[in-house]
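One structure is given here, and the rest of the page talks about it.
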Amino acid sequence: MNRLVELLHDSGATLVVESRGEVMTFTCRGVKDLFELYTNHRELLQGARVADKVTGAGAAALMALGGVAEYHTDVISEKALSLLDRAGVAGMAEKVVPYIINRAGTGQCPLESLIGDIDNLEEIYDVIVGFMDSLRP
């Protein structure tokens, strides 16, 4: 995992996934890369090791649903940590925060706000799908 974390910090990536001996880096903000992986290449998440910069509830749900085996994150929300713990995903977070802050720094991340108190991973996925659809032009 140390190698993945180093790559995360040294490459400018926002997400690093090691799956089946292959290491992949991603640079999109938010949950976009994890959403695309889960939606289109779910097999790459099964048993994967993931290094993430910021892990909110949406990212945590996608990791849990995808069968990620292990994660490391710089920052994780309390909700995300709870989702991953309940799903049995092993991991390490450098910092736990009450919630992920939005990009403007003015409040809660919009996706984390939409997820709210939902604990069912499939229901959270439905929220993520709606959120991602709302971002499309």
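When the stretch 31-47 is filtered for residues that are within 20 Å of Met92 (Cα to Cα) and either in contact with a Phe, Trp or Tyr (Cβ under 9 Å, 6 or more places away or on another chain) or not in a loop (DSSP other than H, G, I, E, B) (or both), the ones remaining, listed by number, are Val31, Leu34, Leu45. Residue check: Ser19 meets all listed conditions (1) more than 14 Å from the chain's Cα centre (by Cα); (2) surrounded by 13 or more Cβ atoms within 10 Å (Cβ to Cβ); (3) within 23 Å of Met132 (Cα to Cα) but one, namely (3). Do we find that Gly88 is closer than 10 Å to Ala57 by Cβ, surrounded by fewer than 14 Cβ atoms within 10 Å (Cβ to Cβ) and either among the β-branched types (Val, Ile, Thr) or out of contact with any Cys (no Cβ under 9 Å at 6 or more places or on another chain) (or both) in this structure? No. Would it be correct to say that Ala48 is crowded, with 20+ Cβ neighbours inside 10 Å, more than 12 Å from the chain's Cα centre (by Cα), closer than 21 Å to Val5 by Cβ and among the aliphatic types (A, V, I, L, M)? Judged against the criteria, Ala48 is a match.
If you take the residues of the stretch 118-137 that are in a loop (DSSP other than H, G, I, E, B) and at pLDDT below 95, which of them is surrounded by the fewest Cβ atoms within 10 Å (Cβ to Cβ)? Talk me through it step by step, then tell me what you get.
From the stretch 118-137, those in a loop (DSSP other than H, G, I, E, B) are 118-120, 136-137; that's our starting set.
This time we only want the ones that are at pLDDT below 95, so: 136-137.
Values: Arg136: 5, Pro137: 2.
Checking each candidate, the answer is Pro137.
If the condition is being free of Cβ contacts under 8 Å to residues at least 24 places away in the same chain and touching a helix residue (DSSP H, G or I) at 6+ places or on another chain (Cβ under 6 Å), then the stretch 1-54 contributes Thr25, Phe26. All of Asp74, Asp85 fail the test of being acidic (Asp, Glu), part of a helix (DSSP H, G or I) and at pLDDT 95 or above, apart from Asp85.
Among residues belonging to the stretch 91-117 that are closer than 19 Å to Tyr38 by Cα and in contact with a Lys or Arg (Cβ under 8 Å, 6 or more places away or on another chain), point out the one that is surrounded by the most Cβ atoms within 10 Å (Cβ to Cβ). Checked the stretch 91-117; the qualifying residue surrounded by the most Cβ atoms within 10 Å (Cβ to Cβ) is Ile115. Tell me, please, whether a residue that is over 17 Å from Leu121 (Cβ atoms) and either in contact (Cβ under 8 Å) with a residue 60 or more places away in the chain or surrounded by fewer than 19 Cβ atoms within 10 Å (Cβ to Cβ) (or both) can be found in the stretch 55-67. The answer is no; no qualifying residue exists.
The values are calculated or read from the model by the stated rules, or taken from the named source; none is laboratory data. These numbers were taken from a predicted model, which means no experiment stands behind them. Every residue, glycine among them, receives a Cβ derived from its backbone with ideal geometry; neighbour counts consider all protein chains shown.
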